[in-house]
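Beneath this line is the structure, given in structure tokens, with notes to follow.
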Amino acid sequence: MDTFDDDNPFENDIDRVPSETSSTSKVNISAPSSPPPNSARLLSPTSPPNRPFPSPGTNKHPQPNHKSDFCCHRDRWLHSGEDAEILITDAQKTTVNSNTPYITYVIHAETAESRHRYSEFESLRLNLVKLYPTLIIPPIPSKQTIGDYATKQAKAKEDAAMIARRKRMLQTFLNRIARHPILSNEHVFHRFLDGEVSWTEVLHSPPLSLLPKNILKAPSHNTTDQTASPAYAVLPNPTATHPLRNPDQRFIDSEVFTNKFANHLGGPMEKVTRRTLKRWSETAQDYSELGAALNGFSLNESGALAAAMEKTGQAVDATYMSTTRLLQELEQNFSEPLYEYTQFATIIKRLLTYRHQKHVQYEMTQDALEGKRELLEEYEKSEKEAKRLDEALARGRVNGLATGQSEGQEDETPEEPASVHLPPHPGPNPYKRRAPGMGFLNALSYTLHGMMDVDPETARRNGIGKTRETISQLEDARHLTAQDLKYSSSTIQADLDRFQRQKVADLREMSISMARSHRDWCKQNLEAWQAAKKEIEKVPDHPNNTPPPQDAHGTGPSSLRRDSTATVNGR
């Protein structure tokens, strides 16, 4: 297997501004971005980093908070500087506002209690993704698979192990949001924790009710901005696979590393971890059966042997219990966080895809603007040529009229000027006698010819006006896409840096937790088996053996090691 090189492009250099050279195109993308500096959804460089996973085992303390304006009591509690921990204390089966039973999770945030089902957690996350398309929104546990429903039928939703796992991972999801420097300020999240209003009411009130259908056609810094420029409506809607002419190498490296990270977590590590947990589970089951067998065997014996067998069975039972506890700790503190990070890798891919589409939007708008400018140049060039020809024809008419007047003085015979000033009709004359039965078709042809614009000068001038209007819209659109691209690049890179620090802290905590679990497992087993050893030593030696020789002082057996094979063979 190839080695996994940690050539991570998510650097920890906070002083570096990554968005200054995100594109080599003509527009200055490093210009000041459009969102106001006091926007609650801007990524502030002074925001404290979130605490690592899992929260109980970290040695880091929360950073002091400098926020002074709070939207509600829950916001004040989250930014109080204390160890604010959100807990999911219970999972209950209920039928409130539903015809079928479902599981609701009881959330405690300081003194507030709220109850939400899994679909509402899912809705919260989806709406946070739309509100903050440039941030890494933490994942939630996945839904039940078709296989789960097929094997457990209607009991899939009530599976105790699945519910306990969801409780832990949903609690981690809420605490990750609470410790995020930007997401923790969102009032939608505060209302989710309060439980004072139903989630349906939150969905039908601002800002969620103002979310656009397509976030690519909304400002990156505030997708619910109702005062955004109308030019957003004419922006292109590129696909995720549309190629870039001038890609940003930093984000290409980020995508490559994320793919490698996802393949490593979802491949070897996940397979080995799953296989390890399965074998630990099988081992625990074997210890359980062995302990029961030894305890039953001790009932058929008497004396010291029965006590030794019973103590050995108790040691095996203790090993079973410690192995079960080890299995639970490995699943909670290693397997689940590992699965969570495979989800994080998918989330980062989508985040980079959004930034890629924003970059494609900018290049497509730039291309459209250049094309319209070239078309306008052609129109203006044609207009100049037409004017030059008109001037030449006008000069020719003047000269012709002057010559005609001099010749008319010699010939005084007047000509009929009746039809000189009447322009020819664009169509055939309908009053001319034609074949019978052709009257309707001729009238229709005459009408169509009259409706057609056969004047190239009018068509050219209309094209010039429409092209100039389109160019004005595209210039506005280019400015907006340049600002969105700059904001997306800088904010995504800043959150990737924050995620890298979080990942390092979490993996460190996962490794320490695994080592601690194995150490405790060994300690508990050592104590149980030492107690069993003391009881086993009370069992007398084989009755067919001669008494052990006395030492030189005759005070006890010699220090020679007993031959176990002789005992087995009865010698």
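The values are calculated or read from the model by the stated rules, or taken from the named source; none is laboratory data. Computed from a predicted model, the values in this text were never measured in an experiment. Neighbour counts are summed over all protein chains in view; Cβ atoms, including those assigned to glycine, are modelled from backbone coordinates with ideal geometry. Just so you know, the surface numbers come from the protein's heavy atoms only, side chains and all, with ligands and any DNA or RNA stripped out. Shrake-Rupley method; radii C 1.70, N 1.55, O 1.52, S 1.80 Å.
In the range 79-90, the residues that are part of a loop (DSSP other than H, G, I, E, B) form Cβ pairs under 9 Å with partners that are surrounded by 14 or more Cβ atoms within 10 Å (Cβ to Cβ) and among the β-branched types (Val, Ile, Thr), at six or more places apart or across chains, as follows: Ile86/Ile107; Ile86/Ile177. A search for C-beta distances below 8 Å between a residue of the range 234-250 that is among the acidic types (Asp, Glu) and any residue that is modelled with pLDDT of 90 or more, counting only pairs 6+ apart in sequence or on different chains, returns Asp248/His359; Asp248/Ser489. Reported count of residues in the range 226-257, each being more than 23 Å from the chain's Cα centre (by Cα) and open to solvent by 60 Å² or more (accessible area, probe 1.4 Å), is 6.
Hey, among the residues in the range 75-104 that are of a type in the set (A, V, I, L, M) and open to solvent by 70 Å² or more (accessible area, probe 1.4 Å), which one's nearest to Ile163 (Cα to Cα)?
We begin by selecting, within the range 75-104, every residue of a type in the set (A, V, I, L, M); these are 78, 84, 86-88, 91, 96, 103.
Applying the additional criterion that residues be open to solvent by 70 Å² or more (accessible area, probe 1.4 Å) yields 87, 96.
Values: Leu87: 15, Val96: 19 Å.
Filtering the range 75-104 for residues that are of a type in the set (A, V, I, L, M) and open to solvent by 70 Å² or more (accessible area, probe 1.4 Å), the one nearest to Ile163 (Cα to Cα) comes out as Leu87.
Looking only at the range 99-123, which residues are in a strand (DSSP E or B) and of a type outside the set (Lys, Arg)?
Hits for the range 99-123 are Tyr102, Ile103, Thr104, Tyr105, Val106, Ile107, His108, Ala109, Ala112, Glu113, Ser114, His116.
Apart from one condition, Phe261 fits all of (1) surrounded by fewer than 18 Cβ atoms within 10 Å (Cβ to Cβ); (2) touching a helix residue (DSSP H, G or I) at 6+ places or on another chain (Cβ under 7 Å); the exception is (1). For the range 124-166, the tally of residues that are modelled with pLDDT of 85 or more and of a type outside the set (Gly, Ala, Ser) stands at 22.
In this structure, does Thr223 turn out to be open to solvent by 30 Å² or more (accessible area, probe 1.4 Å) and part of a loop (DSSP other than H, G, I, E, B)? Criteria not met by Thr223. Screening the range 484-538 for residues that are among the charged types (D, E, K, R), surrounded by 15 or more Cβ atoms within 10 Å (Cβ to Cβ) and farther than 24 Å from Leu277 by Cβ and picking the one that is modelled with the lowest pLDDT gives Glu535.
Restricting attention to the range 191-220, the residues being part of a loop (DSSP other than H, G, I, E, B) and surrounded by 15 or more Cβ atoms within 10 Å (Cβ to Cβ) number 7. Residue pairs whose Cβ atoms lie under 7 Å apart, separated by 6 or more positions or on different chains, with the first residue in the range 290-313 and within 17 Å of Gln530 (Cα to Cα) and the second open to solvent by 60 Å² or more (accessible area, probe 1.4 Å) and of a type in the set (Ser, Thr, Tyr), are Gly291/Tyr320.
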